[in-house]
């Protein structure tokens, strides 16, 4: 992780905003899906990253109800 990423994460944490860094897309997707319990209700605010990673379908497969504008 480079210094710029570390600085951004430190600034977010100082403002009590939780953040994580993952080295690749697959690792990020796996961790995100682990954090969301089955049968949750999820709202997604137009994230291209979520769309590209196909997170919405993975959440629906976990029984989650997914709301988003796309």
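Derivation of every value follows stated rules applied to the coordinates shown; laboratory data play no part. This structure is a prediction, so every number in the text was calculated from the model and none was measured. For neighbour counting, all protein chains shown are included, and Cβ atoms are generated from backbone atoms with ideal geometry for every residue, glycine included.
Roughly what would the spin-label model give for residue 8 and residue 57, points 7 Å off Cα along C-beta, in nm?
Rounded to a tenth, the inter-label distance reads 2.7 nm.
Given points 7 Å out from each Cα along the Cα-Cβ axis, report the residue 42 to residue 65 separation in nanometres with one decimal.
If labels sit at residue 42 and residue 65, their model points lie 1.5 nm apart.
Is it possible to state the helix-based mean residue ellipticity at 222 nm for the chain, with each DSSP H run of 4+ residues giving -39500 (n - 2.57), the sum divided by total residues, to the nearest 500 deg cm²/dmol? What is it?
Values: 4 runs with 35 residues, N = 70.
Taken over the chain, the calculation gives -14000 deg cm²/dmol.
Which order do 53, 12, 33 fall in if you start with the one that has the fewest other Cβ atoms within 10 Å?
Lowest count first: 12, 33, 53.
Can you sort 17, 42 from fewest to most other Cβ atoms within 10 Å of each residue's own Cβ? Spell out each step's value before the answer.
Numbers: 17 9, 42 16.
Ordered by Cβ neighbours within 10 Å, fewest first: 17, 42.
Relative contact order for the range 24-70: what is it in percent, counting Cα pairs under 8 Å that are at least 6 residues apart?
Across the range 24-70, relative contact order equals 47 percent.
Angle check, please: helix 3-14 long axis (alpha carbons) against the longest principal axis of the chain (alpha carbons), in degrees 0 to 90, nearest 10.
70 degrees
What is the Cα radius of gyration of the range 24-70 over 2.2 N^0.38 Å, N being its residue count?
Cα Rg divided by the expected 2.2 N^0.38 Å: 1.04.
Return one number: the angle in degrees, 0 to 90 and rounded to the nearest 10, between the long axis of the Cα atoms of helix 25-35 and the longest principal axis of the Cα atoms of the chain.
70 degrees
Mind checking which of 57, 39, 24 has the largest fluctuation in a GNM of the chain, springs on alpha carbons under 10 Å?
Ranking 57, 39, 24 by mean-square fluctuation puts 24 first.
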